[in-house]
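*Asks:* Would you mind keeping the following structure in view while I ask a few things?
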Amino acid sequence: MALFRPWRLAMGGKKEMYNADALAGVPLKPANAADLAPDFPWPPPFRAAMFLSFDVDAESAWTGDDADTAKLLISMSYGGYEARIGTRKLLELLADLELKATFFIPGWTVEAHPMMCEAIAKDGHEIGHHGYHHLMPHPDNSLLVEEVERGLEALQRVLGVRPKGYRAPSGEFTAELLALLQECNFLYTSSFRDDVRPYRHRLADGRAGTIELPVSAGFDDWSLGLQTRTSSRQIMSTRDVLPMWMDELDEVRDWGAMLTTVLHPQCSGRPNRFRLLRTFLQQAMAYKDVWITTGEAIADRFREHERLTGA
Ligand SMILES: [Zn+2]
């Protein structure tokens, strides 16, 4: 699928792999300078947390990689599923289960589908920032600042929301973006894959950055078989995915850790995926010791720990 093209470019071919000059430029230090995640208790009676989050990309998931896709109506219709059916069904599910979640929404989606996004906000869910055109952050992305500013403007104008959380479109990040989000007073980010507990970022100049709520790769429904004609990935069934998700949740409970879902209404709003998600959430709720909540709630808990410990 075309979504992976930027990574391929970034990775380069064999010529780039064996480039000694380029390799000499790789810093000899950890890529992430953040301190280790602190250990603190979740609110009683919870022993683990689930950051329940959705990315409402709609058509921008496809045009963010190639704007010309806008002319391809069937390709666009995969994203259009979110506004016609997927998001509404997920909102019904959350209302039935009395759960609150975070919805990361690109500015384009808010402007193109205001009624869908107003319904999310009206149900009391948290709204997060997810770029404007869903452009993957990259050192070559000259629109990085515009993506953040335009996304903020659209969320404010259409929904009256100033988001506290940010998730990177297509899950990539740069040091410049980390600094920019701190300048824009974001409370938390949720994109990194390097932990199972919240931690605080450290910027390149040593200052404290946003709180990171790391995502769990196994809970990204794009990687579990998106339903497209061109995807090379197999569509996985509930029988494949549910045991994997329950294994991760059970171990996360033993570790006192958190997991973060990265679900998309154009995937998890499809009937088979919807059934999987409903079953998973019901089983997680039956434990009664998993804090299923928003990013803001988890970030606030982290901040409270910092306040109590003077961190
Ligand atoms: Zn996205």
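*Asks:* Which distance in Å, rounded to a whole number, links the C-alpha centroids of the stretch 35-79 and the stretch 84-121?
*Replies:* So the separation of the two Cα centres works out to 12 Å.
*Asks:* Considering only DSSP states other than H, G, I, E and B, which trypsin sites (Lys or Arg not before Pro) in the stretch 178-215 qualify as loop sites with at most 10 other Cβ atoms within 10 Å?
*Replies:* Answer in residue order: 207.
*Asks:* In the Gaussian network model of the chain, springs joining C-alpha atoms below 10 Å, which of 122, 100, 29 carries the largest mean-square fluctuation?
*Replies:* Top of the fluctuation ranking is 29.
*Asks:* Gaussian network model of the chain, Cα springs within a sub-10 Å range: biggest mean-square fluctuation belongs to which of 297, 37, 286?
*Replies:* Among 297, 37, 286, the largest mean-square fluctuation in the Gaussian network model of the chain belongs to 286.
*Asks:* Given 100/164; 122/288; 100/288; 89/122; 71/164, which pairs have Cα atoms separated by over 23 Å?
*Replies:* Check vs 23 Å cut-off fails for 122/288; 71/164.
*Asks:* For the stretch 232-289, state which trypsin sites (Lys or Arg not before Pro) are in a DSSP loop and have at most 13 other beta carbons lying within 10 Å of their beta carbon.
*Replies:* Answer in residue order: 233, 288.
*Asks:* Let me ask something else about it. Please give the peptides 78-85, 113-120 ranked by average Cβ packing (other Cβ atoms within 10 Å per residue), highest first, as a rough proxy for protection.
*Replies:* So the peptides 78-85, 113-120, ranked by packing, come out 78-85, 113-120.
*Asks:* Just to compare against my own numbers: the Cα pair-distance distribution for the chain, 20 Å bins, whole % per bin, please.
*Replies:* Binned Cα distances yield the sequence 33, 60, 7.
*Asks:* Could you work out which residue, out of 254, 55, 65, moves most in a Gaussian network model of the chain, that is, has the largest mean-square fluctuation with Cα springs under 10 Å?
*Replies:* Largest GNM mean-square fluctuation: 254.
A short reminder: the numbers here are calculations on the coordinates, not readings from a lab. Just so it is clear, the structure is predicted and the values come from calculations on it, not from any experiment. In this analysis, Cβ positions are derived from the backbone assuming ideal geometry, glycine residues included, and neighbour counts consider all displayed protein chains.
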